[in-house]
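The values are calculated or read from the model by the stated rules, or taken from the named source; none is laboratory data. None of these values were measured; they are calculated from a predicted model. As a convention, Cβ positions derive from the backbone with ideal geometry for all residues, glycine included, and neighbour counts pool all protein chains shown. Surface areas here come from the heavy atoms of the whole protein model, side chains and all, with no ligands, DNA or RNA. Shrake-Rupley method; radii C 1.70, N 1.55, O 1.52, S 1.80 Å.
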Amino acid sequence: GGWGLWGRLGDTWEWDGTLWAQRSPVTSASSRLGLQMAHDSVRGRTVLFSGSPTPVSVAQDTWEWDGATWTEAARPVASPPARHSMAMAYDPFRKRSVVFGGNNGSGKLDDTWEWDGLSWQARSPVSKPEARDFVAQLTGLLPKSLPAGVTIVLAPPFTALPAVAEALAAHGLF
């Protein structure tokens, strides 16, 4: 996914730590912008959710990459509403991909959903960030691991990034 010289992209690439290699799976999600992916390290799959296949549409599908094939997950009864530009990260402690916020084409969202590999579950946290899109979310991407179950959500213009890094360093996490 993403945007190239000729419009929306739907190609698949893998990074091995040294080189990028383009893959040519038989099936894959449609070309789109604003999608998000998270790697489920327990199941060994990369989860792709939603995005915008055209300028006037927003997808509501879930796909998984196993290293060779993209497979569309069966559409569960409960699923996050269609959206683009949301945050998504894998929580290795709870073994779930977490989606937060985004934009449904009518406005910004502030909901939280979790994917366990079989179904989506809506979460209703007591406190949460305000509705936002074009969000960055990370879990376990720091030199030292975040405490169990901690996920950080950042939104543009990312002016707080130095303060976040300083706070993480003060707690020995960076």
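Quick notes
- The stretch between Leu19 and Val42 holds 5.9 nm of extra length on full extension. This uses 0.36 nm per residue minus the Cα-Cα distance.
- For Thr112, the residues whose amide H sits under 5 Å from its own are Arg123, ignoring neighbours fewer than 5 places away on the same chain, with H placed 1.01 Å from N.
- For the stretch 1-117, averaging the sequence separation of C-alpha pairs within contact (under 8 Å, six or more residues apart) and dividing by the residue count gives a relative contact order of 19 percent.
- The alpha-carbon atoms of the stretch 2-87 define a convex hull whose volume equals 119 cubic angstrom per residue.
- Modelled label positions at Lys128 and Ser57, each set 7 Å beyond Cα in the direction of Cβ, lie 2.7 nm from each other.
- Separation between Cα centres of the stretch 59-81 and the stretch 101-138, rounded to whole Å: 17 Å
- Accessible surface, per residue, of the stretch 86-128 when the full set of protein chains is kept, probe 1.4 Å, Å²: 48 Å²
- 14 Å beta-carbon shell around Pro55, net charge (K/R +1, D/E -1): +2
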